[in-house]
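Visitor: First, the structure itself, so that you have it in front of you.
Quick note: the coordinates plus some simple rules give every number you see, no bench work behind them. Just so it is clear, the structure is predicted and the values come from calculations on it, not from any experiment. Glycine also receives a Cβ, built like all others from the backbone with ideal geometry; neighbour counts cover every protein chain displayed.
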Ligand code: 3PG
């Protein structure tokens, strides 16, 4: 894999750079710019070498959203650099606008998932994009588990390089490929289809696996508990392979939203006490206590995805457990803590905890897949 350090001059060369700026947006404004900040060293390296930087990035899954909030955010980080958003999907227009760029300027192509063929890794689309640039750089670790055109198609057609964040992720996460024992794996959030297949792998490598977030609702339901009106994923693969495994732990208590004669309230209840009208919104304090006790005995904790319903602001148990993990990391035990996932990063940054863990990965599903397989399709494509 070629690294950016090998590059000398790039005067007037066009660098196509795949970045992952899929970050939380609230009211048209970037909520947490962790992934954008993480891409700055690569952007600066390329602009300082005189390249015209053309950014390929996505937001959301369906290609309907715009990268305008991310472009505005980037402009606040590097106010002296010209940054433009390219909205056209016509290659002649794009070529013309690239010609008009000066060295060190940045053009952001609006949401690469707008193109039919991006997700299918279409050959023609790859060759159209390749014709725009002189080199290709992948600094999008967190989407490098997707065999998309901008991840695996383009590097086949241009001299290709690993970006600085991608290198950093590989270096740090590789240290957990042969896990220190005891190893606790915590899996929360949603995105069932990505996470469930990996769960089986972790059940074999970890000593304990805790399932929280929306994923836990499926587990609780399958165990026969009432989950009321809680979010359940109907497409979740069968849990049979992991449900009865003794290593797999689920919440022992949960926070529910309940409406009764006293109005709408939140309660911490035992999982057996959830009622038909309840909505589970977080794990409860006893579960956090149990996990804190388990952590005290571990040498490695890998954590991906919040424990509660993050999108609705239920982050208390996640923050409490992150604090416990932070003290464990810095304390006598020196537990290796690897935390990842876009939503988890957001909680970490809002609580100013970014420096309290061994490594905060920019990836969610990508981090899990890298730790399970030791590589990703996007990394292989650079070799
Ligand atoms: C992520 O947020 O995990 C990455 O941007 C990948 O997004 P995706 O799951 O929509 O491919």
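Visitor: Kindly work out what percent of the DSSP beta bridges joining two residues of segment 177-370 are antiparallel, to the nearest 5.
Guide: Percent antiparallel among DSSP bridges in segment 177-370 is about 40.
Visitor: Between residue 296 and residue 272, what is the spin-label point distance in nm, taking each point 7 Å from the Cα along the Cα→C-beta axis?
Guide: Simple spin-label model gives 2.6 nm for this pair.
Visitor: Let me ask something additional. Which of rounded, prolate, oblate describes segment 270-310, given a ≥ b ≥ c as roots of the alpha-carbon gyration tensor eigenvalues and a/c under 1.5 marking rounded, otherwise prolate only if a/b is larger than b/c? Working shown, then result.
Guide: Numbers: a/c = 4.12, a/b = 1.87, b/c = 2.20.
Because a/c hits 1.5 or more and a/b fails to exceed b/c, segment 270-310 counts as oblate.
Visitor: To continue, here is another question. With a 10 Å radius around each residue's Cβ, average the other Cβ atoms per peptide and rank 181-189, 55-63, highest first.
Guide: So the peptides 181-189, 55-63, ranked by packing, come out 181-189, 55-63.
Visitor: Okay, moving on. Can you tell me the relative contact order of the chain? Whole percent, Cα pairs under 8 Å, sequence separation 6 or more.
Guide: For the chain, the relative contact order is 17 percent.
Visitor: Taking 0.36 nm per residue of sequence separation and subtracting the Cα-Cα distance, how much length would be gained by fully extending the chain between residue 80 and residue 156, in nm to one decimal? Spell out each step's value before the answer.
Guide: Working: separation 76, 0.36 × 76 = 27.36 nm, distance 3.36 nm.
Length difference between fully extended and current span is 24.0 nm.
Visitor: I'd like to compare 109-118, 84-93: which one has the highest average count of other Cβ atoms within 10 Å, and what's the full order after that?
Guide: Put in order of decreasing packing, that is 109-118, 84-93.
Visitor: Using only alpha carbon pairs under 8 Å that are at least six residues apart, calculate the relative contact order of segment 177-370 and give it in whole percent.
Guide: Details: 395 pairs, mean separation 42.5, N = 194.
Relative contact order, segment 177-370: 22 percent.
Visitor: Can you list the residues of segment 300-319 with backbone N under 17 Å from a point 7 Å past the Cα of residue 181, pointing along Cα to Cβ?
Guide: So the set is 300-302.
Visitor: Here is a further query. Just the number, please: percent antiparallel of the DSSP beta bridges in the chain, rounded to the nearest 5.
Guide: 25
Visitor: For residue 349 and residue 62, what is the calculated FRET efficiency with R₀ set at 25 Å and r taken between the beta-carbons, to the nearest 0.05?
Guide: 0.45
Visitor: On C-alpha positions alone, give me the angle between the axis of helix 213-222 and the longest principal axis of the chain, in degrees, nearest 10.
Guide: Once rounded, one gets 50 degrees.
Visitor: Quote the FRET efficiency, to the nearest 0.05, computed for residue 97 versus residue 6 with a Förster distance R0 of 45 Å and r equal to the Cβ-Cβ distance.
Guide: Rounded to the nearest 0.05, the efficiency is 0.95.
Visitor: To continue, here is another question. Taking square-rooted eigenvalues a ≥ b ≥ c of the alpha carbon gyration tensor, is segment 4-166 rounded, prolate or oblate, where a/c under 1.5 means rounded and, failing that, a/b exceeding b/c means prolate?
Guide: The shape class here is rounded.
Visitor: Next up: Given the DSSP H assignment, sum -39500 (n - 2.57) over each helix run of at least 4 residues in the chain and divide by its residue total; what's the result at 222 nm in deg cm²/dmol, nearest 500?
Guide: -10000 deg cm²/dmol
Visitor: Could you tell me what % of all Cα pairs in the chain have separations over 28 Å?
Guide: 48
Visitor: Angle, helix 192-205 long axis vs. longest principal axis of the chain, Cα atoms, 0 to 90°, nearest 10?
Guide: 70
Visitor: FRET efficiency for residue 88 and residue 29, Cβ-Cβ distance as r, R0 = 25 Å, nearest 0.05?
Guide: 0.55
Visitor: To make sure I understand, if each residue's beta carbon is the centre and we count other beta carbons within 10 Å, what order do 173, 16 fall in, fewest to most?
Guide: Lowest count first: 173, 16.
Visitor: Helix 164-174 against the longest principal axis of the chain: what's the angle in degrees, Cα atoms only, rounded to the nearest 10?
Guide: 40
Visitor: Between residue 246 and residue 372, how many nm apart are label points set 7 Å from Cα along the C-beta direction?
Guide: 2.5
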